[in-house]
Amino acid sequence: MYSTLGPEALGIRGLSLEEAIDLAQAAGFTGLAFDVKVAAALADEHGVAYVRDLFDRAGVRPGHWNLPVNWRQEEGWEAELGELPRLASVAAALGAPRTATFMPSGSNTRAYEENVEWHVARLRPIAEALRIEGCRFGIEYIGPKTFRDQFAHAFVHTLAGTRELIAAIGGDNVGLMLDAWHLYTAGETAADLAGLTNDDVVVVHVNDAPAGVTRDEQIDTVRALPGETGVIDLGSFMAKLSAIDYDGPVMPEPFSQRLVDRAATDPAGAAAEAAGSMRTLWRAAGLAQGEQVRAGG
């Protein structure tokens, strides 16, 4: 597994792909989460080899990319699905076959079983399109009680429930976008990761939770850098991932207003601070820094 920079998760916006790659290199990240539409546009103009060379020259791995299909909306998602094979083929050619999406933990219109059927109908064709292009698809559940309480009908919000939905979707390329924050806020621990394999985990997010706030009162968009508060047991979380030889990206997603404020005037400093938290995380889990560059797709 390897540390991966997601600039927007730190509040760093408006970078070109070249600038984001340079930032990841300067901060000390091994990989970069990138916008596949931007990469595809550059590939259309200059060729895929040109885009790959941007990463290679900097010694930065192309990591994962957010799913470019807004399947949660009623309008427009099918047109975006039609574009997915072209975009996924570019990502696969770059050596970045991992994409992921989040799944709301409730609905105001669909009761639980109806919502399961709706999600399967939406996500199965996406998974199949990605499979054909050699890409993997991660699904993230949303753990906080404060998030699902806004809905009339609660939906999947745990690791076990998400694995059941993944099984219903089918396909050997569908797995988890596993987030330490959602594991914690769902009332789960690293012990709940027992039984997972490397094939089950597509992307990993790490973060910490504000101190002095009960688990059920945590707000999804108010978090902290990994290890900043010590509320979430990230050492055990990372050790479990190491034990299954997880070989994918690990991205900090702190949603920290303090860091966002710093990023507004000092993006390099914000990225360096996040990279430092990842190095501390590796040490806390008893992992060698070399594991950050373990081979994998």
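Worth pointing out:
- Between F255, F237, the distinction of being surrounded by fewer than 21 Cβ atoms within 10 Å (Cβ to Cβ), at pLDDT 95 or above and among the aromatic types (F, W, Y) belongs to F255 only.
- Of all residue pairs spaced 6 or more apart or on separate chains, those with beta-carbon atoms under 9 Å, a first member in the range 270-287 that is at pLDDT below 90 and a second member that is not in a helix (DSSP H, G or I) and not β-branched (V, I, T) are A284/P226; A284/G227; L287/M1.
- Count - residues of the range 1-59 that are touching a residue at least 12 places away in the same chain (Cβ under 8 Å) and not in a loop (DSSP other than H, G, I, E, B): 32
- From the options R131, R124, residue that is surrounded by 15 or more Cβ atoms within 10 Å (Cβ to Cβ), touching a helix residue (DSSP H, G or I) at 6+ places or on another chain (Cβ under 9 Å), in a helix (DSSP H, G or I) and in contact (Cβ under 8 Å) with a residue 40 or more places away in the chain: R124
- Residue check for T109: in a strand (DSSP E or B), of a type in the set (S, T, Y) and closer than 30 Å to R148 by Cβ: no
The values are calculated or read from the model by the stated rules, or taken from the named source; none is laboratory data. For clarity, every value in this text was computed on a predicted model and none was experimentally measured. For neighbour counting, all protein chains shown are included, and Cβ atoms are generated from backbone atoms with ideal geometry for every residue, glycine included.
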